[in-house]
Every structure is written in structure tokens, then in C-alpha cells.
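Trainee: Before anything else, here's the structure in question.
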Amino acid sequence: MKIEFNVEELNSMKKYPKNLYYKGNIELLKYPKVSIVGTRRPINYTKNLVSKLSLELSKRGVCIVSGGAMGVDSIAHKNAKHTISVLANGLDIRYPKVNSSLFEKIENEGLLLSQFEEGFRATPWSFVVRNELVVALGKVLIIAEADEKSGSMRSAEYALKMGKEVYVFPHRIEDSKGTNLLLKEGLAKPIYDIDEFVKKFGKEEEIFLQDEFLEYCKNNISLEDALEKFGSIVYEYELDGKIEIINFKFTIN
């Protein structure tokens, strides 16, 4: 469906979108929103931080906005209670195909947005357009990990032109040259403590993921998959003695 009203956050864009199409819960546009983007090939350090950040922001009623790509985008979407995915193609096309089930879930439980009519296939320039929309929707932009020449760095340019704050995770010198450059030039702020950072956004809500997590553990899944989906809950349950991790698999006590 086509959105027939003005989305206030998009007034910060260089040019307000001529058309904006959606599938899902349009009420999410009224939520406080944070944009999270980054590389398609994040290191484990980044995966774990993005998982926790999305989850903790969700506990405070924040909707996570990202671009539906593999890597950081997917992890941010999967760990959010409420999420908006902005696509670079028509809403009838599932791209990348590996995220088809994720897009289906977002359509049913979150919100899919696009500036492109059904049938339109992604092009290099449409990803640029998509990135600007992702940035515009969020109160701030978080770049989890990025190379110097990447779409995420272009997103940083959009955020700065819109007057939005840019945040990044601190990385080793060789791991994320793009975000390290933003820090070096004073264009981004570091997130040293996720629990402290999320206090900027609303009040904590009760979200009960415990039963869902224990059911998930019964499916013989790997530690890496569990961390991607549930973040720090995995280790909290291990410390509480509710689960055991043996050879990267789970035993429920």
C-alpha cells in the first residue's frame, strides 16, 4: 500500500520521497526509532554487540530501523521486538533471497518500506536511496562496523548533513577502518557501554524472551545462532545454571 500522509522524519531528507510504499504495521512509524547499519560480513565481536544493542533498545520501546541486508542489518532486525526494514526494491521482491523468511516475519510483525513500486529490482543507485531513508527515520545513526569505502560511510554523510548524531562501536585498528576514521575525525561518538547508552531512550519495558529462548535451545542449534538471535541472554542463562553449553551446543537443566 502507498502511504498517503507526511512522515515527519523524512522532511530531513534532501528531497522528500515522491512515493512511499509499505507492508505491515504502519503504526511503527510513530515509535521512537534508531537506525543501525554496517557491514555484510561482521566479525563475531560486532555480531554480539549488535544483538545486545537491538535487544536492549527494544526493551525501552525503541523501533530498530535497518536496510534488510545480510550481516549487521539482519542481526539488528532479528533481535528487535519492533523493526522497520527499508528495501532497495519493490515490496514484492525478496532480496537478498537468503533473508526471505526474515522479510516475511517483518511483514507480519514489523514494517517493510520502499520508495519503489512492485516489480522494481534493486540497482546500485536504489541502494543509495534506501540508505538515505534508513538514516532519516532514526533519531540517531549507529554504524556497527564498516570499511572506509562502503554504503555505511555514505550513510554517515547523510546523518551528518541531517544534523543527526552518529555512534560507533570501538574496534581494533584493522577491524573497522571506516568507523575508526569517523572517530579519528570527531564525526562519531563511541559506544563503550550498551547498558548506559540505551538509557538515552525511554524507560525500560518488561519483555519476556525466556520461554522463547528455552524453546529455541531444544532445536539443537549452535551457540553462534543463539547469540545472533538472543544476545547476552545466552550467557545470563548459563550463569544462572538454567542451561549448559557443551561443545557449542545446549543442554537445558
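The values are calculated or read from the model by the stated rules, or taken from the named source; none is laboratory data. Here the structure is a predicted model, which means the values were calculated and not measured. Quick reminder, even Gly has a Cβ in these numbers, built from the backbone with ideal geometry, and neighbours come from all protein chains shown. Ligands, DNA and RNA are excluded from the accessible area calculation, which covers all protein heavy atoms including side chains. Shrake-Rupley method; radii C 1.70, N 1.55, O 1.52, S 1.80 Å.
Trainee: Of Phe197, Phe169, which residue is among the aromatic types (Phe, Trp, Tyr) and over 17 Å from Val72 (Cα atoms)?
Mentor: Phe197
Trainee: Could I ask something else about it? Being at pLDDT below 95, in contact with a helix residue (DSSP H, G or I) (Cβ under 9 Å, 6 or more places away or on another chain) and within 17 Å of Gly231 (Cα to Cα): is that true of Lys47 here?
Mentor: For Lys47, the condition - at pLDDT below 95, in contact with a helix residue (DSSP H, G or I) (Cβ under 9 Å, 6 or more places away or on another chain) and within 17 Å of Gly231 (Cα to Cα) - is not met.
Trainee: All but one of (1) assigned to a loop (DSSP other than H, G, I, E, B); (2) open to solvent by 60 Å² or more (accessible area, probe 1.4 Å) hold for Ala80; which doesn't?
Mentor: Going through the list (1) assigned to a loop (DSSP other than H, G, I, E, B); (2) open to solvent by 60 Å² or more (accessible area, probe 1.4 Å), Ala80 breaks only (2).
Trainee: Looking at segment 25-43, which of its residues are touching a residue at least 60 places away in the same chain (Cβ under 8 Å) and either among the aromatic types (Phe, Trp, Tyr) or farther than 17 Å from Ala69 by Cα (or both)?
Mentor: Asn25, Ile26, Leu28, Leu29, Pro32, Lys33
Trainee: Can you name every one of the strands (runs of 3 or more DSSP E) wholly within segment 11-69 that holds 1 or more residues which are out of contact with any Leu (no Cβ under 6 Å at 6 or more places or on another chain) and open to solvent by 10 Å² or more (accessible area, probe 1.4 Å)?
Mentor: 33-37
Trainee: Looking at segment 103-126, which of the residues that are part of a helix (DSSP H, G or I) and in contact (Cβ under 8 Å) with a residue 60 or more places away in the chain is nearest to Gly178 (Cα to Cα)?
Mentor: So the residue we want is Ile106.
Trainee: Tell me yes or no: at least one residue of segment 87-94 is open to solvent by 20 Å² or more (accessible area, probe 1.4 Å), over 19 Å from Leu227 (Cα atoms) and touching a helix residue (DSSP H, G or I) at 6+ places or on another chain (Cβ under 7 Å).
Mentor: Within segment 87-94, one or more residues are open to solvent by 20 Å² or more (accessible area, probe 1.4 Å), over 19 Å from Leu227 (Cα atoms) and touching a helix residue (DSSP H, G or I) at 6+ places or on another chain (Cβ under 7 Å).
Trainee: Let me ask something additional. I need a count of the residues in segment 165-193 that are assigned to a loop (DSSP other than H, G, I, E, B) and without any contact (Cβ under 8 Å) to a residue 12 or more places away in the chain.
Mentor: Number of matching residues: 6.
Trainee: Show the residue pairs that are 6+ apart or on different chains and have beta-carbon atoms under 6 Å apart, the first residue being within segment 138-164 and closer than 16 Å to Ile64 by Cβ, the second being among the acidic types (Asp, Glu) and open to solvent by 10 Å² or more (accessible area, probe 1.4 Å).
Mentor: Val140/Glu165
Trainee: Let me ask you something else. Answer with yes or no whether Asp193 is surrounded by fewer than 14 Cβ atoms within 10 Å (Cβ to Cβ) and modelled with pLDDT under 95.
Mentor: no
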